[in-house]
Amino acid sequence: MIRHTITVFLILSAIFSFGISGSIRVVNRVDNSMDDINTLDRLNGTYVSTKDVSRILAKRKPFINEARGKMVLYLGDHRIKISGNSSYILVDEQVYQMPMHAIWTESDIYLPAESFFGIVKRTTFPGIQYDPRRMVLDLDVKEFTVMGVEISQKANGTILRVRTRHTFPEGNISSFFHENGWFYLTIAGGLADTTEIRRSDTRGVVKSVTADQLGQTAQLAFQMRAKVQSHEVYQSTDPGEIVISIRTPMDNSVARIKKVKDRWKLDTVVLDAGHGGKDPGTIGRKGTKEKDIALDIVKRVGLLLEKNTKLKVIYTRDEDVFIPLWKRTKMANESNGKVFVSVHLNSNPNRTAYGFETYLLRPGKTEDAIEVASRENEAIKMEDRSNNKYQNLSGESLIVATMAQSVFMKESEELAAIVQEEMGKKIKSKNRGVKQAGFHVLIGASMPNVLIEAGFLTNGNEEKNLRKSKYRQSIANSIYRAIVKFRYSREQYLSES
């Protein structure tokens with residue numbers, strides 16, 4: 001009886017100390033191949049052979065120092081340093097701890113499978129998936145979508161650029177400052193290269209950077225050196241990145257410079273819905289009125305700006321009323337507007353004409369442009385003409401009016417180009433480009449100004465689309481993104497001036 005008890009004890013001791021050999025099945029989805037990784041199955045879990053992991057995942061052989069019981073794995077551009085009988089591993093320069101020690105045996109190191117594969121997934125190989133119940137390691141091509149961070153210091157704060165593989169839905173991105181001095185950026189659906197992000201060079205107000213992958217969500221955290229005044233977040237597509245502008249309190253000398261620059265800071269947007277009231281504008285074959293569609297789009301743009309930025313939004317009209325053209329730019333100037341965006345819908349005797357275009361105030365170059373301006377200027381006939389506030393928009397009078405606004409022409413051109421670019425990304429219609437013509441509604445606007453013709457109501461398909469709420473929201477989203485992008489480029493120029 002005693003001998004039997006001792007025998008059982010020795011067997012259990014051997015199992016606990018050395019484990020039972022087994023294997024994990026590797027399923028490679030890339031080339032549809034199968035393989036196996038040798039394991040040690042101990043009472044506290046399954047351990048995997050580092051040599052086998054290297055053979056399957058790495059493109060070069062591991063470095064092995066048998067005398068010191070150490071190995072280095074080379075996975076992609078990353079190095080993973082492993083020590084036998086230690087629970088710590090080093091991925092590049094970042095330390096990670098496993099719940100159990102690694103085991104050095106027979107010129108190999110065995111690692112606790114579940115924790116090790118979890119670290120590899122988060123840091124170097126996002127396409128790996130380990131199922132401990134089935135003892136299966138699944139390999140697939142999966143790329144990080146949040147790849148790194150670049151930090152630059154400006155006079156009034158710090159710019160964080162988070163490199164992304166694609167844009168994310170706006171609702172998937174959130175950010176906040178915690179009272180502990182950390183700024184958190186959360187990206188639902190993002191897959192973060194946590195190792196690369198943690199290697200980011202810090203400067204400006206940012207003291208350190210870290211990142212974690214929480215299931216299907218990536219979270220980046222930035223430790224601040226000093227108090228932060230405000231921040232803004234927006235996405236850019238060329239290159240793909242999430243841009244965070246962090247503003248910090250300034251000293252007196254910088255504050256004096258800021259006071260001068262504030263006159264030019266884009267803090268107020270004037271949105272102008274074309275026509276209104278007794279002036280319906282263009283009417284489509286189904287009875288769709290330009291004044292209604294333009295007002296709906298403008299309100300959607302304004303709602304996005306009010307919800308997502310600290311910009312002040314001024315509407316020349318927010319209901320179905322008639323506003324004289326001259327009064328619209330007067331309202332913009334009196335409210336200290338810094339950009340003026342007028343939204344209209346197009347028409348053409350040729351019912352096959354379709355697409356979107358953006359106009360600047362200049363003498364028209366083409367017959368189409370002159371025709372569009374003439375049609376939009378028809379609203380003058382509905383105004384009280386007892387006190388004529390207009391000149392004939394042709395020849396010398398238009399040149400003089402254009403010269404008076406030439407100080408804003410370059411910025412107007414930039415804004416128009418961004419509008420066309422952003423609409424071209426999301427609106428499934430023809431990009432007709434940036435054009436120029438003499439619009440009364442743009443004359444006198446002491447700020448960058450553009451007039452957007454968002455589509456043709458005389459085109460059956462386009463009228464059908466414009467009657468859809470989802471399509472109008474896409475147009476509004478594009479105009480909103482253009483304004484935010486233009487604002488950022490303008491503030492970047494001011495901060496570097």
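Please treat every number below as a calculation from the coordinates, not as lab data. Keep in mind that this is a model prediction, so the values were computed, not measured. FYI the Cβ positions are ideal-geometry reconstructions off the backbone, even for glycines, and counts take in every protein chain you see.
Data overview
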{"item": "Simple spin-label estimate for Leu90 and Lys468 in nanometres, 7 Å along Cα-Cβ", "result": "5.7 nm"}
{"item": "Gain on full stretching of the segment that runs from Gln153 to Arg285 - 0.36 nm per residue minus C-alpha separation", "result": "42.0 nm"}
{"item": "Glu306, Glu421, Glu334 arranged by Cβ crowding within 10 Å, fewest neighbours leading", "result": "Glu334, Glu306, Glu421"}
{"item": "Nearest-0.05 FRET efficiency for Lys330 and Thr217, computed from C-beta distance (R0 51 Å)", "result": "0.55"}
{"item": "Restraint check, Lys310/Lys425; Lys207/Lys425; Lys338/Lys435; Lys425/Lys470; Lys291/Lys330, Cα-Cα greater than 27 Å", "result": "Lys207/Lys425"}
{"item": "Cα-Cα over 23 Å, subset of Lys154/Lys299; Lys51/Lys81; Lys142/Lys485; Lys265/Lys410", "result": "Lys154/Lys299; Lys142/Lys485"}
{"item": "Full-extension gain in nm, Thr237 to Asn431, via 0.36 nm per residue minus C-alpha separation", "result": "68.0 nm"}
{"item": "Spin-label pair Ile56/Ser489, simplified geometry with 7 Å Cα→Cβ offset, distance in nm", "result": "5.0 nm"}
{"item": "Contour excess over end-to-end distance, with Cα ends at Asp77 and Arg351 and 0.36 nm allotted per residue", "result": "92.9 nm"}
{"item": "FRET efficiency estimate (nearest 0.05) - Cβ-Cβ, Val321 to Asp41, R0 56 angstrom", "result": "0.10"}
